[in-house]
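Student: Quick one: the structure is below, questions incoming.
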Amino acid sequence: MTDLSPDHHDGRATVSIADLIRDGFALPADAEDLSRVVDTFRMRITPAMRKAAQTAPAVARQFVPSTEELVESPEDMIDPIGDDRFSPVPGLTHRYPDRAILHITKTCDVYCRFCFRRETVGDSGHLSPEKLDAALKYVEATPSLWEIILTGGDPLVLSPRRLADVMERLAEIPHVEVVRLHTRVPVVAPHRITEALIKALDTRLTPWIVVHTNHADELTAEAEAALQRLSRAGIGLLSQSVLLKGVNDTTEALEALFRKLYRLRVKPYYLHHCDMAKGASHFRTTIAAGQTLIAALRGHLSGPCLPTYILDIPGGYGKSPIGPSHLFEGAKGEWTVADWQGGLHSYSDPSKGD
């Protein structure tokens, strides 16, 4: 099996289109167009996901480039969630009062074909020492910051030594109490979840890991073992998924994913509506389709299995829940509420309520 992970030359990731064709992921007739795709949006796939992709089309669709990426839609954006608008210093996004994102690396173990940062990941490696110093000084000077979110890129591609250094420096800031790490590593590169990495997360801060995974076929036996190592170490585990056409846009796919995560002690946290990333329109569903899927899952999955369906509002205005409504207002104080089977019921507010 050909390893589809890239070589790195001058900060750019390169792949062999011949490898894609040889392994049955692409047709020879598409070689020229696929070369244009990977020249613009880097490709990387780990051996674990390469193996899964051989038998799971939902996995291959997420990581293998497609000529569909050459189609640009009018709504496509370079910075769809508005990171740049809320960046007081390089490497930091401060959008909400009590938390900030620290982009400690631009590198990932896999490059998702729908990524909203797909034009910048892989560009400049890790945050430079000077920029990290400036970002941490901003955190230290901002007492409202209670939680720091490590992302990038993927923070768990850092060596345990470098990760421990960042964690220890954050732990020295008295008002920071929680560190959340957004990552694909436990699923796509489970061999990285070592005792040394787990030890690097052990400071006075409370660590939470938010695992990005979109389909149950990604959760291999090795990924399950990696998640178990984290949960047994007492690290809180959440998940975030993206609603993707042709990957998980069915009730069966989402139900299987959320059940498997919950069984592995990972709380499904967010189901993102697909962002308006450039060249990713073929992955986007409508919001109405997403609401229908969430409504169909309600009642068939226990509450902790269900994530919140959200939209990251284009332009940097933050995340908003966009799930289906089950409550409809009538006359003053009168409501109609829908149960999980679609039945409608009347409810009246207390007559002396505010």
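The values are calculated or read from the model by the stated rules, or taken from the named source; none is laboratory data. Keep in mind that this is a model prediction, so the values were computed, not measured. FYI the Cβ positions are ideal-geometry reconstructions off the backbone, even for glycines, and counts take in every protein chain you see.
Student: Could you list, ordered by first residue, the pairs with Cβ atoms under 8 Å in which the first is in region 310-337 and under 30 Å from Met77 (Cβ atoms) and the second is loosely packed, with under 13 Cβ neighbours inside 10 Å and modelled with pLDDT of 90 or more, at least 6 apart or interchain?
Tutor: Ile310/Ser320; Ile310/Pro321; Leu311/Ser320; Ile313/Ser320
Student: Please count how many residues of region 89-111 are in contact with a Pro (Cβ under 8 Å, 6 or more places away or on another chain) and part of a strand (DSSP E or B).
Tutor: The total comes to 2.
Student: Residues that are assigned by TED's automatic domain parsing to the domain that holds Ala226 and at pLDDT 95 or above: which strands (runs of 3 or more DSSP E) entirely in region 260-353 hold 3 or more of them?
Tutor: Hits in region 260-353: 267-273, 308-312.
Student: If you go through region 194-221 one residue at a time, how many are in contact with a Leu (Cβ under 8 Å, 6 or more places away or on another chain) and under 14 Å from Ala164 (Cα atoms)?
Tutor: Final tally of qualifying residues: 7.
Student: Continuing with the same structure: What pairs can you find where one residue is in region 201-221 and assigned by TED's automatic domain parsing to the domain that holds Lys267, the other is crowded, with 24+ Cβ neighbours inside 10 Å and among the acidic types (Asp, Glu), and their Cβ atoms are less than 9 Å apart, with a gap of 6+ or different chains?
Tutor: What qualifies is His212/Asp154.
Student: Can you find, within region 98-140, the residue that is surrounded by the most Cβ atoms within 10 Å (Cβ to Cβ) among those that are among the acidic types (Asp, Glu) and modelled with pLDDT of 95 or more?
Tutor: Per the stated criteria, the residue is Glu140.
Student: So which pairs qualify, if the first residue must be in region 162-189 and among the polar types (S, T, N, Q), the second must be surrounded by 21 or more Cβ atoms within 10 Å (Cβ to Cβ), the Cβ gap must be under 6 Å, and the two must be at least 6 apart or on different chains?
Tutor: Note: pairs meeting the criteria are Thr183/Asp154; Thr183/Leu156.
Student: Only residues that are in contact (Cβ under 8 Å) with a residue 40 or more places away in the chain and among the hydroxyl-bearing types (Ser, Thr, Tyr): list them for region 27-54, please.
Tutor: Once the filter is applied, which keeps residues that are in contact (Cβ under 8 Å) with a residue 40 or more places away in the chain and among the hydroxyl-bearing types (Ser, Thr, Tyr), region 27-54 yields Thr40, Thr46.
Student: Consider Met43 carefully, then state whether it is in a helix (DSSP H, G or I) and among the hydrophobic types (A, V, I, L, M, F, W, C).
Tutor: no
Student: Tell me, please, whether a residue that is on the phi > 0 side of the Ramachandran plot and not charged (D, E, K, R) can be found in region 22-30.
Tutor: yes
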